[in-house]
Amino acid sequence: MAHFSKSTEPDHSSSEENGGEDVPVEVAIIGDLTENATDLVDKLLGVEPGSQCTIYFDSPGGNPYTANSLVSMIRLRSLQATGIVTGECSSAAVWPFAACTRRLVTASSVLLFHPMKWQSEEQVGIREAAEWSRHFSSLELEMDKLLVHLFGVAEGSDTASLIQQWCDQHRYVTGSELAEAGLAELIDLSPLEWLCR
């Protein structure tokens, strides 16, 4: 279940306490991001287009369509999002994290990269299954390209190959490894000055 911190309503008292500076809206994505997709999109809509926000991630992932929707919300609304992995950011949750303009991890942050998985609990006919299979193959390729693009990596580069390798290996990547690959900033567990002003 995804949970959210701080209201997206303007908090003028915090702005006054910080010498008139606006404190970025904070949103926490905890648990499966699909379960509360409506609430999460609503929270992102509450962030003024083009403004700053901080998104905390501790999520095992969810539906790739939900991930794609969150990426679209962040990018189309030009949100200057700082993503911070406080625990786990795995599977579909990696896409919205990659969409953040600044990405922060700790040494103990963990991200699971893997190919998209198809799971259906519904009974489907053979034609529908065949069409879904065709669509899913295309979607998987597009999402792999999107992930590389969101991380700001050139297709065909060594880093793009590394991301693909992680996906193919179903690899758990530590925050230190992600930072070493140049895909995030490694931070320690001390207060972030820009959040504590």
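The values are calculated or read from the model by the stated rules, or taken from the named source; none is laboratory data. Given the structure is predicted, the values throughout are model-derived calculations rather than measurements. Cβ: placed from backbone, ideal geometry, glycine included. Neighbour counts: every protein chain shown.
Restricting region 147-187 to residues that are at pLDDT below 95 and charged (D, E, K, R) leaves a set whose member that is farthest from HIS114 (Cα to Cα) is GLU155. When THR82, THR54, THR66 are checked against the criterion of being farther than 23 Å from CYS167 by Cα and buried (at least 22 other Cβ atoms within 10 Å of the Cβ), THR54 stands alone in meeting it. Quick one: in region 173-197, which of the residues that are assigned to a loop (DSSP other than H, G, I, E, B) and touching a helix residue (DSSP H, G or I) at 6+ places or on another chain (Cβ under 7 Å) is surrounded by the fewest Cβ atoms within 10 Å (Cβ to Cβ)? Among those that are assigned to a loop (DSSP other than H, G, I, E, B) and touching a helix residue (DSSP H, G or I) at 6+ places or on another chain (Cβ under 7 Å), it is GLY182.
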